[in-house]
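First comes the structure, then the notes that go with it.
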Amino acid sequence: MDFFDRFAIPHPSPVIYASMVAIALTLVAIVAGVTYTKKWGYLWREWLTTVDHKRIGMMYLISALLMLFRGGADAIMMRAQTALPENTLLDSQHYNEIFTTHGVVMIIFMAMAFIMALMNFVVPLQIGARDVAFPRLNALSFWLYFWGAMLFNISFVIGGSPDAGWTSYFPLAGNEFSQSVGTNYYMIAIQIAGLGTLITGINFIVTILKMRAPGMKLMKMPMFTWSALITNLIIVFAFPVLTVALAMGTIDRLFGGNFFTTTDGGMDMLWANLFWVWGHPEVYILILPAFGIYSEIIPTFARRNLYGYKSMVASIVLISVLSFVVWVHHFFTMGQGAMVNSIFSITTMAIAIPTGIKIFNWLFTLWKGKITITVPMLYSLGFIPIFTIGGVTGVMLGMSAADYQYHNTMFLVAHFHLVIIPGVVFAMLAGLTYWWPKMFGFMLNERIGKLSFWLISIGTCVAFFPMFISGLDGQARRMYTYSEATGFGIWNMISFVGAIMLAAGFVTIVYNIYYSTRYASRDISSDPWDARSLEWATHTPVPDYNFAITPQVNSSEAFWDSKKNGHKLFPGNYKEIHMPNNSGVPFIMSAIFFVLGFALVFSIWILAVIALLGIFACLAHRSFEQDHGYHIPVEEVKETEEKLGGARQ
Amino acid sequence: MKVDQTKPLEYSTEQNNLNILGFWMFLGAEIMLFATLFASYFTLEGRTGSGPSGSEIFEITPVIFETFILLTSSFTIGLGVHAMRLMNKKATIAFFSITLLLGLAFVGFEVVEFFTYIEEGAALQTSAFTSILLSTLGTHGAHVTFGLFWGLFILIQIKKRGITPETANKSFIFSLYWHFLDVVWIFIFSFVYLKGMM
Amino acid sequence: MKELFPRKQVMGFVFSLVLTIVALLVYFLDMSFAVGMTVLLLTAFTQAGLQLIVFMHAGESEDRGSIYLNIYYGVIIALLTVFGTLLAMIWGYV
């Protein structure tokens, strides 16, 4: 039985046992449900083996929403625990676990997946392409992310959750202070998901550079595509740093390496350094797509074209470089001298300039616009003031001398939540509502949507503004409790109320999806928002091949021109369309990665070797495989187009 | 599949062009991977703890051999791609085989080197310096080893299927990979070994 | 047989051998650390450029602009990372 002892939870509690039962029941229910409705074949053919960017986008979306609730549950527990002084809802160990998993799940498995969802669905459509450059790799990216997320999420029922913070600083994350396998999960699950992200990065850069519709010069690309291009560029150059850091951490933990230890020359600060060399660009990986989404939504609902297109492009290009030279501001207080801190202080403040340019461009786009207040527009308008508050407090933190006061306090927590929530979550919800009709063929209910917006935006302010005060008063982050005499109680209670409002907001979003699925009209046009870019030029639902005829573009708003100025978007006749074949290998290979990860977490070497051989076999299979895809004949294209409501002009 | 006759085979289809550009992007990521290893190496170089330092364990002779072997293999694979463009299947196979044999010799030297280090008390666990040294060399060595299998698969495909737009594309991309590993080695040779022995 | 050994690649190979031998002088001759590092930096980056242009054919395809931009961007970010890390972890670490 010794072998099985390793899978036991080191700090069990009734909640965890209840989760185990819940997980087991859910799995049984899913398997039984799919078997009962005889959907295994459908699931395999249409989803698990798909290489279609639209379906992959939808799968990312579902995963992101699930992870949002997983991370949100952690958040509510945290705020509930700290709502009262000397609270005993959670013990310190459990609290450490949930703030660690909250951070990792929200950043790596929720925000990243949400971005991937929208990029996957929208970018190929916006540039008039049939699919991405490497559809097979795109499926591999998704499944690596998915299985990485699964590996991370089983940690709390098998072997124990990571508990060293989402930054997992050494020596705390080393073997000496983190003895459970939790941190192994952290190192390996993120590694697997990160591999998928890197592949996406390469895939989308090539897609955007090489597969744009004829006439779409770089400076005529829609702004969301521009932001996707730069985001993926940052991914390609930032993620390898994480790969190396995680590999070094893994070697330390599993093979007794001495990178980040406190003995034999090891240097714990090197982990912090490498983590943030990746971590700061990662912030911009999250925020740039959001900027892109707002740049699509604001012109659409202000009925004006985007103000300052060139300065928008220039500012994101500048951000792509600056984002790599500010990382030290995450650890100003951890040992550098005044000279280093000054350099990184200046670069940090410099990055506020391109961001400020973007804010002003959006404001100028709104200026004299005929604004319609829809749900996506509400999120965009709410984003500007809240994000600016978050951003300005970031500049405060960026001043290294002042940072000694703010560092590691709730002030910092307030700052980054007020940047990430309006910057990423609002944008994703705005994008979700905006592109929903294109994805699913009906619109989300506007009234419920507006209720969600108000709950979420007010909830955000109520939850995080008090932290500025308690932080300046000296409340450190990650404290599981505090005494009544500190006076933090009232601020934490207000935060808890805000957190409940946020949770209520997210529940209304789910209700909205349910309600609209049942009751919303299916009789909508393919362009329900009267929008400006190419994704609205094709049918809803989007046919497999996206565009029957490749669109011709001669401005940054070709679709708008075709509606208002008589531009002919789809010249010529139907031709045979070449499509990629589906494949089960990405799914299988990623599942083997999951097995490899599991084996490494628990140091089961035989299984690890078998899994490695399995991965090798998948790669070899791919090398020898000859797959030329298939062709959709002209008749079938014609038939599909007629069924979807006639040819497009 | 549209084949453009005016271009070399490896560029002749749309997908081939995508593959080559995609691989260049991947090499961008590889630059960062090795840059991170180098950044860590330079940081930890002097932190030898109770273990040996670089100048105590490095030996010039095997390093010179490894360097010239890898440089030559980079030359022969370049000739292989050239022969492929001349549609000379036999010469292509010959040059690719020589490249892979040289690669194998390189890996052989490296394995011996690793065992020597361990014998001299410089194992992965000895100190921060030995951890990063063996990880940096090991990452490069693992790339070469992976390349041996990849190259072998392509060689078999050229032999079986001839020089087609597909095999030409694969071979060309493989040559990019191999040259890149040579570049990485030059940096290891200069800034790990020579700097350490200077 | 001669057509299998194009002049450009043979010359490139010879040049890369010469660069390696020059780099090796750092070991065999007695020179200061600063001079040695200068020699190594020069030979290593020249060698990398040589491989890139002569052997990797970076400039021959229609995407040469993207390829060069990608490599330059990568090298710049890589150097910033290496020197930034050294700055934060060693030179400026109190």
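The values are calculated or read from the model by the stated rules, or taken from the named source; none is laboratory data. These figures come from a predicted structure and were not determined experimentally. Backbone-built Cβ (ideal geometry, glycine too); neighbour counts: all protein chains shown.
Conditions tested, residue by residue: (1) more than 8 Å from chain C (Cβ to nearest Cβ); (2) in a helix (DSSP H, G or I); (3) in contact with a strand residue (DSSP E or B) (Cβ under 9 Å, 6 or more places away or on another chain); (4) more than 21 Å from B:LEU194 (Cα to Cα).
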site	(1), (2), (3), (4)
B:THR61	yes, yes, no, no
B:GLY78	no, yes, no, yes
B:MET84	yes, yes, no, yes
B:LYS90	yes, yes, no, yes
B:ALA94	yes, yes, no, yes
B:PHE106	yes, yes, no, no
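Of the residues that make up segment A:79-89, is at least one basic (Lys, Arg) and more than 24 Å from A:ILE490 (Cα to Cα)?
Filtering segment A:79-89 for residues basic (Lys, Arg) gives A:79.
Restricting the remaining residues to those that are more than 24 Å from A:ILE490 (Cα to Cα) gives none.
Looking for residues that are basic (Lys, Arg) and more than 24 Å from A:ILE490 (Cα to Cα), one finds none in segment A:79-89, hence no.
A quick yes/no check of all residues on (1) in contact (Cβ under 8 Å) with a residue 12 or more places away in the chain; (2) out of contact with any Ser or Thr (no Cβ under 7 Å at 6 or more places or on another chain):
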residue: C:LYS2; (1), (2): no, yes
residue: C:LEU19; (1), (2): yes, no
residue: C:SER32; (1), (2): no, yes
residue: C:VAL35; (1), (2): no, yes
residue: C:ALA58; (1), (2): yes, yes
residue: C:GLU62; (1), (2): no, yes
residue: C:GLY74; (1), (2): no, yes
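Within the bounds of segment A:34-41, is there any residue that is among the small types (Gly, Ala, Ser), in a helix (DSSP H, G or I), surrounded by 15 or more Cβ atoms within 10 Å (Cβ to Cβ) and at pLDDT 90 or above?
Initial filter on segment A:34-41 (among the small types (Gly, Ala, Ser)): A:41.
Still in the running and in a helix (DSSP H, G or I): A:41.
The next check asks that each one be surrounded by 15 or more Cβ atoms within 10 Å (Cβ to Cβ); those that pass are none.
Looking for residues that are among the small types (Gly, Ala, Ser), in a helix (DSSP H, G or I), surrounded by 15 or more Cβ atoms within 10 Å (Cβ to Cβ) and at pLDDT 90 or above, one finds none in segment A:34-41, hence no.
What pairs come out if I take residues in segment A:1-24 that are in contact (Cβ under 8 Å) with a residue 40 or more places away in the chain and pair them with residues that are in a helix (DSSP H, G or I) and surrounded by 12 or more Cβ atoms within 10 Å (Cβ to Cβ) whose C-beta lies under 7 Å away, six or more apart or interchain?
A:ILE9/A:ILE16; A:HIS11/A:GLN93; A:HIS11/A:HIS94; A:SER13/A:HIS94; A:ILE16/A:PHE156; A:SER19/A:PHE156
So which residues in segment A:320-334 are at the interface with another protein chain (Cβ under 7 Å from one of its Cβ atoms) and crowded, with 22+ Cβ neighbours inside 10 Å?
First, pick out the residues of segment A:320-334 that are at the interface with another protein chain (Cβ under 7 Å from one of its Cβ atoms): A:324-325, A:328.
Within segment A:320-334, A:PHE324, A:VAL328 meet the criteria.
Condition first: in contact (Cβ under 8 Å) with a residue 24 or more places away in the chain, more than 14 Å from chain A (Cβ to nearest Cβ) and within 30 Å of A:THR263 (Cβ to Cβ). Can you find one or more residues in segment B:138-153 that meet it?
Within segment B:138-153 (the criterion being in contact (Cβ under 8 Å) with a residue 24 or more places away in the chain, more than 14 Å from chain A (Cβ to nearest Cβ) and within 30 Å of A:THR263 (Cβ to Cβ)), the answer is yes, since at least one residue qualifies.
Considering only segment A:248-266, how many residues are in contact with a helix residue (DSSP H, G or I) (Cβ under 7 Å, 6 or more places away or on another chain) and surrounded by fewer than 23 Cβ atoms within 10 Å (Cβ to Cβ)?
So the count comes out to 5.
Where residues in segment A:249-264 are within 7 Å of another protein chain (Cβ to nearest Cβ) and assigned to a helix (DSSP H, G or I), which of them is nearest to the chain's Cα centre (by Cα)?
A:ILE251
Within the group A:ILE494, A:ILE458, A:ILE513, A:ILE448, which residue is surrounded by fewer than 20 Cβ atoms within 10 Å (Cβ to Cβ), over 30 Å from A:PHE224 (Cβ atoms) and either among the hydrophobic types (A, V, I, L, M, F, W, C) or at pLDDT 95 or above (or both)? Can you show your working first?
Values: A:ILE458 fails: over 30 Å from A:PHE224 (Cβ atoms); A:ILE513 fails: over 30 Å from A:PHE224 (Cβ atoms); A:ILE448 fails: over 30 Å from A:PHE224 (Cβ atoms).
Every option except A:ILE494 fails the conditions.
Of everything in segment B:1-59 that's crowded, with 17+ Cβ neighbours inside 10 Å, more than 7 Å from every other protein chain (Cβ to nearest Cβ) and of a type in the set (A, V, I, L, M, F, W, C), which residue is nearest to B:ILE163 (Cα to Cα)?
It comes out as B:LEU9.
Checking the conditions here, which among A:PHE237, A:PHE224 is closer than 19 Å to B:THR36 by Cβ and part of a helix (DSSP H, G or I)?
After applying the criteria, what remains is A:PHE237.
Give the residue, chosen from A:GLY337, A:GLY356, A:GLY308, that is within 14 Å of chain C (Cβ to nearest Cβ) and surrounded by fewer than 21 Cβ atoms within 10 Å (Cβ to Cβ). Write out each step before concluding.
Numbers: A:GLY356 fails: within 14 Å of chain C (Cβ to nearest Cβ); A:GLY308 fails: within 14 Å of chain C (Cβ to nearest Cβ).
Of the residues listed, the single one that is within 14 Å of chain C (Cβ to nearest Cβ) and surrounded by fewer than 21 Cβ atoms within 10 Å (Cβ to Cβ) is A:GLY337.
Looking for something part of a helix (DSSP H, G or I), in contact with a Phe, Trp or Tyr (Cβ under 8 Å, 6 or more places away or on another chain) and closer than 25 Å to B:SER131 by Cβ - is there at least one such residue anywhere in segment B:10-27?
The answer is no; no qualifying residue exists.
For B:GLN125, all conditions in the list (1) in a loop (DSSP other than H, G, I, E, B); (2) away from chain A (no Cβ under 13 Å) hold save one; what is the number of the exception?
Condition not satisfied by B:GLN125: (2).
So the check is Cβ under 8 Å with 6+ separation or different chains; which pairs have a first residue in segment A:470-482 that's at positive phi and a second one that's among the small types (Gly, Ala, Ser) and part of a loop (DSSP other than H, G, I, E, B)?
A:ARG478/A:GLY165
In segment A:63-103, what residues are among the polar types (S, T, N, Q) and either at pLDDT 95 or above or in a helix (DSSP H, G or I) (or both)?
Looking only at segment A:63-103, we keep the residues that are among the polar types (S, T, N, Q), and these are A:63, A:81-82, A:87-88, A:92-93, A:96, A:100-101.
The answer is A:SER63, A:GLN81, A:THR82, A:SER92, A:GLN93, A:ASN96, A:THR100, A:THR101.
Which of the residues belonging to segment C:18-62 are under 16 Å from B:HIS179 (Cβ atoms) and more than 7 Å from every other protein chain (Cβ to nearest Cβ)? Please lay out each step first, then the result.
Pass one, segment C:18-62, residues under 16 Å from B:HIS179 (Cβ atoms): C:19-20, C:44-61.
Of everything in segment C:18-62, those that are under 16 Å from B:HIS179 (Cβ atoms) and more than 7 Å from every other protein chain (Cβ to nearest Cβ) turn out to be C:LEU19, C:PHE45, C:THR46, C:GLY49, C:LEU50, C:LEU52, C:ILE53, C:VAL54, C:HIS57, C:ALA58, C:GLY59, C:GLU60.
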